[in-house]
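What follows is a short report on a single structure.
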Amino acid sequence: MIESKFPHIGTTIFTTMSALASDVGAVNLGQGFPDFGCDERLTALVTEAMRAGHNQYPAMAGVPILREGVAAKVASAYGKAYDPATEITITAGATQAIHTTLAAIVRPGDEVIIFEPVFDSYEPAIRMHGGVPVYAQLQFPDYRPDWQQVRSLITPRTRAVMINTPHNPTATCWQQGDFDQLAAILRDTNVVVISDEVYEHMVYDGHPHLSVARHAELAERTYVISSFGKSYHVTGWKIGYCMAPAPLMAEFRKAHQFVVFTVNAPAQYGIANFMRFNTHLGLPAFYQAKRDFFLAAVASSRLRWLSSRGSYFVSAVYSHLPEYAHLSEAEFAIWLTTKIGVACIPTSAFYHRQVDHRVVRFCFAKKEVTLELAAERLKTL
Ligand code: GLN
């Protein structure tokens, strides 16, 4: 038998819960992905790109018209000009972009600060590159960063801070003051920021997305990462991008060329041509309507719902329910999936130590009929 390099790594919670949901025929509000199709113009444009012969290796950093499309969107949304030639790279999804950034910058023993609860790929990706994860805590139930704690975690070995807003799994968003705090803490250091903004177009109640790209001081040290899969309802295409000032991006590309070399050509051309429709502008209203529909449908359930200010997730608390409060989040999620017929994700899966506030996460990127069925079932609790 091979001696495992990663004995502590199991199977990701998303695969586990989706498999369970499918085995028992539960409504899957666990893993985050839409159960509706993408815009037909997008599939037509990808098909057209294949027919036009865009089927060989594209440029290593991504096809120029797609990088130009990203630059134009970001300039108009966040007022920051990234040079498509030297500051934007197309990736095989945001997870690869995060992994490649860590591959490019983390040396053995380097410390990388992450905020818990934290998306489950960050910690393994840090360790795979010899880094040491250092944990800051977002405080339940508001999940606000504790800036004094973050300041205390900075050491001479700190190489990077990974941030994520809108936040998965808590559906919270950073405020302007958070970026100012981080900028102040990192001033006079060489610490790099990795900003996961894959839910940038899912922000609600009239609030704009606060991208690091808007923050001139922080942007100078930041890799900003996003995902076409999220913004265009095509999570299975695995296409995203990374943006950073040229010297940082040069380091990123050193790793990128030997990790994936380049990314699916027809999808890149198709997305590039689709970007001109600016469909992302309608996403906040589209997903806010889904959030509100779901929350109205579950309002009379006995679960207590936390607010969702961004992302396509919303969490519910069950600690006040005497019949269930003794169940851990993992037990409750399995019970809910198998007995009630609605799959969710236990928030404890996003912590490295057992932290369990009796909170589970639901994804509302679903058709109304799916959300309605899930709500009917949740009301039987
Ligand atoms: N980002 C999605 C989620 O949080 C799915 C991620 C995955 O399956 N790896 O549910």
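Sub-9 Å Cβ pairs linking a first residue in segment 77-89 that is on the phi > 0 side of the Ramachandran plot to a second residue that is of a type in the set (A, V, I, L, M, F, W, C), at least 6 apart or interchain, are Gly79/Ala213, ordered by first then second residue.
Residue-wise test of (1) on the phi < 0 side of the Ramachandran plot; (2) away from the ligand (no atom under 16 Å from the Cβ); (3) buried (at least 21 other Cβ atoms within 10 Å of the Cβ).
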| site | (1), (2), (3) |
| --- | --- |
| Ala171 | no, no, yes |
| Ala184 | yes, yes, no |
| Asp188 | no, yes, no |
| Gly206 | no, yes, no |
| Val212 | yes, yes, yes |
| Tyr232 | yes, no, yes |
| Trp237 | yes, no, yes |
| Pro247 | yes, yes, no |
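Among the residues of segment 11-58, count how many are within 14 Å of the ligand (Cβ to nearest atom), among the small types (Gly, Ala, Ser) and in contact with a helix residue (DSSP H, G or I) (Cβ under 9 Å, 6 or more places away or on another chain). Result for segment 11-58: 3.
For segment 306-361, give me each residue that is of a type in the set (D, E, K, R) and touching a residue at least 60 places away in the same chain (Cβ under 8 Å). Outline the logic, then answer.
Taking segment 306-361 and keeping what is of a type in the set (D, E, K, R), we get 309, 323, 329, 331, 339, 353, 356, 358, 361.
Once the filter is applied, which keeps residues that are of a type in the set (D, E, K, R) and touching a residue at least 60 places away in the same chain (Cβ under 8 Å), segment 306-361 yields Arg309, Arg361.
Residues in segment 98-144 that are away from the ligand (no atom under 15 Å from the Cβ), surrounded by fewer than 22 Cβ atoms within 10 Å (Cβ to Cβ) and assigned to a loop (DSSP other than H, G, I, E, B): Arg107, Pro108, Gly109, Asp110, His129, Gly130, Leu138, Phe140, Pro141, Asp142, Tyr143. Of all the listed residues (Val260, Val212, Val203), the sole one being of a type in the set (Val, Ile, Thr) and without any contact (Cβ under 8 Å) to a residue 60 or more places away in the chain is Val212. For segment 242-257, indicate whether the set of residues that are touching a residue at least 60 places away in the same chain (Cβ under 8 Å), in a loop (DSSP other than H, G, I, E, B) and closer than 18 Å to Val74 by Cβ is non-empty. Yes, segment 242-257 has at least one match.
Checking the structure you have, find out if any residue of segment 289-296 is within 18 Å of the chain's Cα centre (by Cα), in a helix (DSSP H, G or I), crowded, with 23+ Cβ neighbours inside 10 Å and in contact (Cβ under 8 Å) with a residue 24 or more places away in the chain. Within segment 289-296, one or more residues are within 18 Å of the chain's Cα centre (by Cα), in a helix (DSSP H, G or I), crowded, with 23+ Cβ neighbours inside 10 Å and in contact (Cβ under 8 Å) with a residue 24 or more places away in the chain.
The C-beta contact set for segment 7-29 (first residue charged (D, E, K, R), second residue crowded, with 18+ Cβ neighbours inside 10 Å and modelled with pLDDT of 95 or more, distance under 6 angstrom, 6+ apart or interchain) is empty. For segment 345-373, the candidate set comprises residues that are within 16 Å of the ligand (Cβ to nearest atom) and of a type in the set (Val, Ile, Thr); within that set, the residue that is farthest from the chain's Cα centre (by Cα) is Thr370.
Is it the case that Ser328 is among the polar types (S, T, N, Q), modelled with pLDDT of 95 or more, closer than 21 Å to Thr172 by Cα and away from the ligand (no atom under 15 Å from the Cβ)? No: the conditions fail for Ser328.
The values are calculated or read from the model by the stated rules, or taken from the named source; none is laboratory data. Note that the structure is a prediction, hence the values are computed from the model and not measured. Cβ sites come from the backbone with ideal geometry, for glycine too, and all protein chains shown count toward neighbours.
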